[in-house]
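A short write-up of the structure that comes next.
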Amino acid sequence: MNKEDILKVKALLATKKKIVIVPHKNPDGDAIGSTLGLYHYLLKSNHQVKVIVPNDFPSFLKWIPGNDQILKYDSQTNQCNPLIEEAEVIFTLDFNAFHRTGDMEPLLANSKALKIMVDHHQAPDDYATFMYSDVNMSSTCEMVYNLINMLGDENTIDSQIATCLYVGIMTDTGSFRFPSTTSTTHSIVARLIEKGANNSQIHNNVYDTNSYERLQLLGCALTNLKVIPELKTAYITLSQEELNTFNYKKGDTEGVVNYGLSLNGIVLAAIFIEDKKEGIIKISLRSKGSFSVNEMSRKHFSGGGHTNAAGGKSYTSLKATVDNFISILPSYNKALNNE
Ligand code: 5GP
Ligand code: MN
């Protein structure tokens with residue numbers, strides 16, 4: 001976003017507006033942290049603000065300030081529709097195309113509201129009036145901090161806003177370890193701590209509130225872990241039956257794919273999770289170095305994301321999906337073995 005755009009957004013937000021903030025479907029820490037961080041900021045400026053998420057979010061995020069104010073489109077559709085129809089401004093956060101919001105897509109596409117995109121995914125669609133898109137950013141939360149700062153309001157960041165933004169930076173950077181983590185990311189995180197984000201408590205709330213069943217499910221996933229050493233690839237499967245055995249709840253498989261990537265010498269890690277209700281296999285891909293799982297997911301799994309973290313789906317069975325994955329790997333032999 002250039003200086004001119006910032007001045008225009010500043011002028012736009014100078015008077016009270018009806019604002020809706022929307023993140024992607026199956027919202028993660030960055031999606032919820034960024035929407036709620038922006039929500040608190042805009043509320044402070046006296047706007048009429050609502051956060052609408054396409055569907056529910058994991059319980060390890062259900063302590064973040066403002067989480068109880070979030071509307072869920074899938075279960076509160078009648079309440080959400082008029083809010084979107086009457087919105088003057090819609091912020092779209094942490095996604096790059098309307099289809100990433102699932103059932104909200106047509107409503108957003110037809111809305112007359114002015115759209116402001118804040119996002120760090122590759123290949124963004126061109127729907128926004130104001131587009132703050134930067135694939136080099138660690139997280140959308142880092143970008144919301146930048147946006148508030150560029151609007152000249154860094155001083156308005158309080159402990160609530162700081163807490164929300166800290167969550168998303170922490171979760172999207174794998175606790176500050178992925179290559180997207182820069183010295184600027186650390187400077188921003190330091191500022192957020194100064195402003196009242198309780199880093200240790202936040203880490204505890206997100207990562208150390210596991211149920212016994214979630215750990216048992218992790219044990220099952222690790223038992224299912226397979227390695228293809230000659231292609232520097234590791235993958236995990238979880239069937240619906242296995243999920244049911246361990247009483248799977250939303251968010252329980254978050255981060256499990258990273259165990260494959262933690263193996264010495266592994267460049268590509270995948271997890272395939274059966275979802276009988278949606279009739280799909282949900283796929284998460286992670287990589288090290290320049291191997292682009294974004295490209296792999298776009299080409300083979302109707303998805304996308306970032307160079308080192310992407311998601312996608314398959315409409316065939318779990319076994320057929322894994323077989324397909326294994327069959328395409330040799331075409332990436334060179335790229336995998338050059339890392
Ligand atoms: P995850 O594997 O954790 O679901 O997603 C990894 C990254 O890829 C996240 O940044 C997520 O937003 C993105 N992502 C996940 N699924 C999709 C998809 O279907 N399409 C696109 N474009 N991005 C996705
Ligand atoms: Mn993100």
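The values are calculated or read from the model by the stated rules, or taken from the named source; none is laboratory data. All figures in this text were calculated on a predicted structure; none of them were measured in a lab. Please note: Cβ atoms are built from the backbone with ideal geometry, for glycine as well, and neighbour counts cover all protein chains shown. Each accessible area value is taken on the protein alone, full model and side chains, heavy atoms only, with ligands, DNA and RNA left out. Shrake-Rupley method; radii C 1.70, N 1.55, O 1.52, S 1.80 Å.
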With the structure loaded, tell me whether T237 is touching a Leu at 6+ places or on another chain (Cβ under 9 Å) and either within 18 Å of N26 (Cβ to Cβ) or at pLDDT below 95 (or both) or whether it fails that test.
no
If you scan region 119-145, which residues turn out to be in contact (Cβ under 8 Å) with a residue 40 or more places away in the chain and of a type outside the set (A, V, I, L, M)?
H120, H121, Q122, F130, Y132, N136, S138, S139, T140, C141, E142, Y145
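How many residues, within region 310-319, are open to solvent by 30 Å² or more (accessible area, probe 1.4 Å) and within 12 Å of ligand 1 (Cβ to nearest atom)?
Step one: list which residues in region 310-319 are open to solvent by 30 Å² or more (accessible area, probe 1.4 Å), which gives 313, 315-317, 319.
After this cut, where a residue has to be within 12 Å of ligand 1 (Cβ to nearest atom) as well, the list is 313.
Here the count works out to 1.
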Pull up region 188-210, narrow it to residues that are without any contact (Cβ under 8 Å) to a residue 12 or more places away in the chain and outside any helix (DSSP H, G or I), then point me to the one that is most open to solvent (accessible area, probe 1.4 Å).
D208
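Residue-wise test of (1) under 25 Å from R100 (Cα atoms); (2) within 16 Å of ligand 2 (Cβ to nearest atom); (3) within 18 Å of the chain's Cα centre (by Cα).
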site: T233; (1), (2), (3): no, no, no
site: Q240; (1), (2), (3): yes, no, no
site: T245; (1), (2), (3): no, no, no
site: G255; (1), (2), (3): yes, yes, yes
site: G265; (1), (2), (3): no, no, no
site: E278; (1), (2), (3): yes, no, no
site: L285; (1), (2), (3): yes, yes, yes
site: F291; (1), (2), (3): yes, no, no
site: T307; (1), (2), (3): yes, yes, yes
Can you tell me which of K250, K288, K282 is among the basic types (K, R), under 30 Å from V135 (Cβ atoms) and touching a helix residue (DSSP H, G or I) at 6+ places or on another chain (Cβ under 7 Å)?
K288
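Among K288, K299, which is the only one that is open to solvent by 40 Å² or more (accessible area, probe 1.4 Å), within 16 Å of ligand 1 (Cβ to nearest atom) and within 19 Å of H121 (Cβ to Cβ)? Steps first, answer last, please.
Working: K288 fails: within 19 Å of H121 (Cβ to Cβ).
Answer to the check: K299.
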Condition first: open to solvent by 20 Å² or more (accessible area, probe 1.4 Å), within 13 Å of ligand 2 (Cβ to nearest atom) and either free of Cβ contacts under 8 Å to residues at least 12 places away in the same chain or out of contact with any strand residue (DSSP E or B) (no Cβ under 9 Å at 6 or more places or on another chain) (or both). Now tell me which residues in region 7-52 satisfy that.
D28
Region 113-127, subset more than 14 Å from I19 (Cβ to Cβ) and assigned to a loop (DSSP other than H, G, I, E, B), residue nearest to ligand 1 (Cβ to nearest atom)
H121
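In region 140-168, how many residues are within 16 Å of ligand 1 (Cβ to nearest atom) and touching a helix residue (DSSP H, G or I) at 6+ places or on another chain (Cβ under 6 Å)? I'd like the intermediate steps shown before the answer.
Initial filter on region 140-168 (within 16 Å of ligand 1 (Cβ to nearest atom)): 140-144, 167-168.
Next, only the ones that are touching a helix residue (DSSP H, G or I) at 6+ places or on another chain (Cβ under 6 Å) stay: 140-142, 144, 167-168.
So the answer is 6.
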